[in-house]
Amino acid sequence: MSKFKFAMYWAGSCGGCEIALLEIKEKIVEVDQNYEVVFWPAATDFKYKDVEGYDDGFIDVCLFNGCIRNSENEHLAKVLRAKSKVLVAFGACATMGGIPGLANVASAQEIKDLVYRDSPSIDNPDGIYPQERYEVPEGVLDLPHMYDTVKTLDQTVDVDYYVPGCAPEAGQIAAVLDVVTAALKGEGPLPPKGSTVGVSPKTCCEECKRVKEEKKITSFRRIWEFLPDPEKCLLEQGLICMGPATHAGCGARCTGVGMPCRGCYGAPDGVLDQGAKMLSTVASIVDAPTPEEIAVIAATVPDPVGTFYRFGLPSSLLRRARV
């Protein structure tokens, strides 16, 4: 019996999701036994023309990580949607927009100006910007068009399943592969289309083993400003921890080593906007009798957009700033 066909692709991302797949350790042997890699540019020498030449539905499962930042990302998303029976939005960037999605606070031109004109680290007296099309004696060189708005994968194509995380945890990845493999072998059903796989209906707070008491905050601090109590809830110590507004499933590994949750597993079930949920949580624990004192405490929150929408600005109700 021939092997099932597997593909993995990174769009606008750091590449960490590609490495995370290897964290399943010896289970990678099972993947090799069941799947033939037919497209995985980060690991093997594939060309776009290879995947473009496949019949529609040729790929059994594709893990697509990264946001849609430019025209190349969008093209491959559409190609892989057509070629894949099961398309999985894999990791925070594909599911929510991720950290690259914070670029939605500016336009593409503003970002280019910052990098090629206004940055003190660049010596560019002639103001030369990258050209999307440039003719040389050997032919024409092309660069992808950079969009103003960073998008999630499902804002571009239809998505079958979601696997959040920056990067997804190994157990979560293995669970997804097990479910899909069993379904392909006729040994079990696939989850309902649109499911978020490998998470718990709880919040990260419920997984966290730190002691939680009454939360009354008079100021917020950053992690480098003091040494937190290793047993006590980080939010109660004045550190913005996204645990109350984040899906469980990671095992609260960050809080377990003294780092606040950053929200990479996305909003819990029933929460439409993760950042708004966390803002509501913060507002409920600020301990101040007057609006003026509340404003002073609120001003101690560092980088509100980057804090509350670190991973999810493109998928939020805000989506982007006006430009």
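The values are calculated or read from the model by the stated rules, or taken from the named source; none is laboratory data. Computed from a predicted structure; not experimentally measured. Here the Cβ is made from the backbone with ideal geometry for all residues, glycine too, and neighbour counts use every protein chain on show.
Looking at segment 125-155 only, could you name the residues that are loosely packed, with under 12 Cβ neighbours inside 10 Å and part of a loop (DSSP other than H, G, I, E, B)?
If the condition is that a residue be loosely packed, with under 12 Cβ neighbours inside 10 Å and part of a loop (DSSP other than H, G, I, E, B), then 125, 126, 127, 128, 130, 131, 137, 138 are the ones that fit.
To keep it simple, each residue is scored yes or no on (1) at positive phi; (2) touching a Gly at 6+ places or on another chain (Cβ under 6 Å); (3) part of a loop (DSSP other than H, G, I, E, B).
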| residue | (1), (2), (3) |
| --- | --- |
| 167 | no, yes, yes |
| 171 | no, no, no |
| 186 | yes, no, yes |
| 215 | no, no, yes |
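Which condition does residue 42 not pass, out of (1) in contact with a helix residue (DSSP H, G or I) (Cβ under 8 Å, 6 or more places away or on another chain); (2) under 26 Å from residue 100 (Cβ atoms); (3) at pLDDT 90 or above; (4) among the aliphatic types (A, V, I, L, M), if it passes all the others?
With respect to (1) in contact with a helix residue (DSSP H, G or I) (Cβ under 8 Å, 6 or more places away or on another chain); (2) under 26 Å from residue 100 (Cβ atoms); (3) at pLDDT 90 or above; (4) among the aliphatic types (A, V, I, L, M), residue 42 is out only on (3).
List the residue pairs whose Cβ atoms are under 7 Å apart, where the first residue sits in segment 74-100 and is of a type in the set (Asp, Glu), the second is modelled with pLDDT of 95 or more and buried (at least 21 other Cβ atoms within 10 Å of the Cβ), and the two are 6 or more positions apart or on different chains.
74/68
Give the number of residues within segment 81-97 that are touching a Leu at 6+ places or on another chain (Cβ under 9 Å) and either buried (at least 24 other Cβ atoms within 10 Å of the Cβ) or of a type in the set (Asp, Glu) (or both).
So the answer is 10.
Collect the residues in segment 232-269 that are part of a loop (DSSP other than H, G, I, E, B) and farther than 21 Å from residue 202 by Cβ, keeping them in residue-number order.
If the condition is that a residue be part of a loop (DSSP other than H, G, I, E, B) and farther than 21 Å from residue 202 by Cβ, then 238, 258 are the ones that fit.
Pairs needed: first member in segment 40-52, of a type outside the set (A, V, I, L, M, F, W, C); second member anywhere, in a helix (DSSP H, G or I); C-beta distance under 7 Å; at least 6 residues apart or different chains.
Pairs that qualify, where the first residue is of a type outside the set (A, V, I, L, M, F, W, C) and the partner is in a helix (DSSP H, G or I), are 52/79.
So residue 153 ticks every box in (1) in contact with a Leu (Cβ under 7 Å, 6 or more places away or on another chain); (2) within 30 Å of residue 255 (Cβ to Cβ); (3) at pLDDT 95 or above but one. Which box is left unticked?
Of (1) in contact with a Leu (Cβ under 7 Å, 6 or more places away or on another chain); (2) within 30 Å of residue 255 (Cβ to Cβ); (3) at pLDDT 95 or above, only one is false for residue 153: (1).
Just to check your reading of the model, which residue among 249, 243 is within 18 Å of residue 172 (Cα to Cα), under 21 Å from the mean Cα position of the chain (by Cα) and surrounded by 16 or more Cβ atoms within 10 Å (Cβ to Cβ)?
Selected residue: 249, the only one of 249, 243 that is within 18 Å of residue 172 (Cα to Cα), under 21 Å from the mean Cα position of the chain (by Cα) and surrounded by 16 or more Cβ atoms within 10 Å (Cβ to Cβ).
Look at residue 213 and say whether it is closer than 23 Å to residue 161 by Cβ and either under 27 Å from the mean Cα position of the chain (by Cα) or not polar (S, T, N, Q) (or both).
For residue 213, the condition - closer than 23 Å to residue 161 by Cβ and either under 27 Å from the mean Cα position of the chain (by Cα) or not polar (S, T, N, Q) (or both) - is not met.
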